[in-house]
1. Of (1) under 24 Å from B:ARG177 (Cβ atoms); (2) of a type in the set (Phe, Trp, Tyr); (3) in contact (Cβ under 8 Å) with a residue 60 or more places away in the chain; (4) more than 14 Å from every other protein chain (Cβ to nearest Cβ), B:PHE127 satisfies all except one. Which?
2. Identify all residues within the range A:191-215 that are part of a strand (DSSP E or B), more than 12 Å from B:ASP97 (Cβ to Cβ) and either out of contact with any Asp or Glu (no Cβ under 7 Å at 6 or more places or on another chain) or among the polar types (S, T, N, Q) (or both); write none if there are none.
3. For B:GLY208, all conditions in the list (1) modelled with pLDDT of 95 or more; (2) within 14 Å of chain A (Cβ to nearest Cβ); (3) out of contact with any Phe, Trp or Tyr (no Cβ under 7 Å at 6 or more places or on another chain); (4) open to solvent by less than 40 Å² (accessible area, probe 1.4 Å) hold save one; what is the number of the exception?
4. Being in a helix (DSSP H, G or I), more than 14 Å from every other protein chain (Cβ to nearest Cβ) and open to solvent by less than 40 Å² (accessible area, probe 1.4 Å) is the filter here, so list the residues in the range B:216-247 that pass it.
5. Those residues that are in contact with a helix residue (DSSP H, G or I) (Cβ under 7 Å, 6 or more places away or on another chain) and either of a type in the set (Asp, Glu) or not in a strand (DSSP E or B) (or both), I need them from the range B:248-261; list them, please.
6. If you check every pair at least six apart or on different chains, which have Cβ atoms under 7 Å apart with a residue in the range B:281-293 that is over 20 Å from B:VAL164 (Cβ atoms) first and a residue that is among the polar types (S, T, N, Q) second?
7. Go over the candidates B:VAL191, B:VAL92, B:VAL100, B:VAL156 one by one and state the one that is in contact with a Lys or Arg (Cβ under 9 Å, 6 or more places away or on another chain), free of Cβ contacts under 8 Å to residues at least 60 places away in the same chain and open to solvent by less than 10 Å² (accessible area, probe 1.4 Å).
8. Is at least one residue of the range B:149-172 more than 13 Å from every other protein chain (Cβ to nearest Cβ) and over 16 Å from B:PRO68 (Cα atoms)?
There are 2 protein chains.
Amino acid sequence: MKRRAGLGLWCLAAAGTALAIGNSNREKPPTTAQVMESATESDWRQPDPANTLYMELAAGRVIIELAPRFAPQHVANIKQLVAEKFFDGLAVARVQDNFVAQWGDADKSRPTESALRKLPDENAAAFGKGTGFIKLPDPDGYARETGWLDGFPVGVERKPSGQVWIAHCYGVLGVGRDNWPDTGSGAELYVVIGQAPRQLDRNVVTLGRVLRGIELLSSLPRGTGALGFYEQPEQRAPIKSIRLASEVPEAERTALEVLRTDTPLFAKYVESRRNRRDDWYVVPADHVDVCNVSIPVREVPKK
Amino acid sequence: MKRRAGLGLWCLAAAGTALAIGNSNREKPPTTAQVMESATESDWRQPDPANTLYMELAAGRVIIELAPRFAPQHVANIKQLVAEKFFDGLAVARVQDNFVAQWGDADKSRPTESALRKLPDENAAAFGKGTGFIKLPDPDGYARETGWLDGFPVGVERKPSGQVWIAHCYGVLGVGRDNWPDTGSGAELYVVIGQAPRQLDRNVVTLGRVLRGIELLSSLPRGTGALGFYEQPEQRAPIKSIRLASEVPEAERTALEVLRTDTPLFAKYVESRRNRRDDWYVVPADHVDVCNVSIPVREVPKK
């Protein structure tokens, strides 16, 4: 880990001398709150309703943004399943602590054509010039490079594979599967609810992330069976429905905006996460993991 | 990220040729399950009951191992608070999604001498020769080195500070504090329930980890107030009591054993987490983050 020249003074300050020394003669970089206060309308984007899922649970709505670039055939099949109301009446059947919450047809009780569809391996997308990748300057242990693409946290390997994939960060959506070469149809889906299980990267199809309501999944009781599956069907959390936002009447939609990741403001935001400048912090890390950069989401008045 | 020479074959195999090629002429390394099957009694240790806390919630018992090496005065004060039954009748007052669950005297309603005690900054312990550090070979973005000490996941900086500290991994216990130079007395404590917030390392005193029952904290409803505090006192999860295991009658104790981190077996275990060899995995990561290595804990028959 590289440390800035200034950190010695910070450490000294932390050890007892005047805390102001470290930054006394330069302007203090903005805190995260200050960066966010300076955001303008153009720093936010509206997720495409045709790629946004509403999962309705008894406790409320979980909103998920799909990322078709990374797994187009899997995204298309999930939309097909949703159009067929496949998930309605199914349930969250697996909640494994510090790992994933998983829902869908755990019992394989609905062997529809869409649910049984065999799909190609879409564990990563092609990476090339003009892909629009925003690189995080910090090193990563699991990928050659990390950063953001289409608003999602990604890993990149330019050579030899030329691949980019959504990294398994908190809240990321993946496709449950059995042993490879099965890649899953989307009839079972999971989201990460713990320490980023990056060892899953490129072993599973990732194709979205939760924008709102992940706490409705992460606070469910943990399953006590193997892999966190509930042992009794009645312990499961029923899914009332999953719909595309575009299929829901406008009056019933949730108007969300997501902070763009391809702006100068986002670069400032990331820097404010790399080195926390709030008064609370004594030692700035001069580093951030891509999975430690939560991408802000806000609800806005309907237009 | 360094990749093994053999990985090209793995990738090729993943792309369609026979999966067996990659390892056809060498013995396959053991899976995690195989490593654990080969563990003997001496690979396990019994945590010291005098450094083990039982937090009794309505939903069950959370068991926490304290780490006196890292913050001796804070550990001593927490034991003093426990001896005074300070926490009994207080509550888990803050549950912030993907961050921490925090308990203790959120309202500062019990201004006892122990609760108000000013303690020195114990954010890290001294690191030197003979410290017994078990190094993880993989690089880390937040610390110069990571690994394990006394069975806890740690970060290390040999120079210039000569420090070792418990890294903010899932389940790690820290001491709530206000702005520095306050270091907290232990009257408010938290555990990590999300992506490892490593930016907190050396900004807060860390001094233990949950051995069992973290799901009783991580599955609590999230607080909807600022920082995940519950907005209504009745939303809090009451603490019946916190006791040292050594103060609990033997018949009421939970007999746990923790996998030792200073054994050849643990090195094999870590390798099995660096490169998953289960049939499910296609691409081994050849890397693991210290916070992705969960340290096994088991319950054993009482002796």
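1. (3) is the only condition that B:PHE127 fails.
2. Keep residues of the range A:191-215 that are part of a strand (DSSP E or B), which gives A:191-192, A:206-212.
Of the ones still in play, those that are also more than 12 Å from B:ASP97 (Cβ to Cβ) are A:191-192, A:206-209, A:211.
Matches in the range A:191-215: A:VAL191, A:VAL192, A:THR206, A:LEU207.
3. (2)
4. Narrowing the range B:216-247 to residues in a helix (DSSP H, G or I): B:216-218, B:226-228, B:233-235, B:245-247.
The next check asks that each one be more than 14 Å from every other protein chain (Cβ to nearest Cβ); those that pass are B:233-234, B:245-247.
Hit for the range B:216-247 is B:ALA245, nothing else.
5. The first filter runs over the range B:248-261 and keeps only residues in contact with a helix residue (DSSP H, G or I) (Cβ under 7 Å, 6 or more places away or on another chain), leaving B:253, B:259-260.
Passing the criteria: B:ARG253, B:ARG260.
6. Pairs found: B:TYR281/A:ASN203; B:VAL282/A:ASN203; B:VAL283/A:ASN203; B:PRO284/B:ASN275; B:ALA285/A:GLN199; B:ALA285/B:ASN275; B:ASP286/B:ASN275.
7. Working: B:VAL191 fails: free of Cβ contacts under 8 Å to residues at least 60 places away in the same chain; B:VAL92 fails: free of Cβ contacts under 8 Å to residues at least 60 places away in the same chain; B:VAL100 fails: free of Cβ contacts under 8 Å to residues at least 60 places away in the same chain.
Answer to the check: B:VAL156.
8. Kept after step one, since they are more than 13 Å from every other protein chain (Cβ to nearest Cβ), are these residues of the range B:149-172: B:149-152, B:154, B:164, B:166.
Applying the additional criterion that residues be over 16 Å from B:PRO68 (Cα atoms) yields none.
Within the range B:149-172 (the criterion being more than 13 Å from every other protein chain (Cβ to nearest Cβ) and over 16 Å from B:PRO68 (Cα atoms)), the answer is no, since none of the residues qualifies.
The values are calculated or read from the model by the stated rules, or taken from the named source; none is laboratory data. The structure presented is a predicted model; accordingly, all values stated were derived computationally and were not measured. A quick note on method: Cβ atoms are made from the backbone with ideal geometry, for glycine too, and the neighbour counts reach across all protein chains shown. Heavy atoms of the whole protein, side chains included, go into the accessibility calculation; ligands, DNA and RNA do not. Shrake-Rupley method; radii C 1.70, N 1.55, O 1.52, S 1.80 Å.
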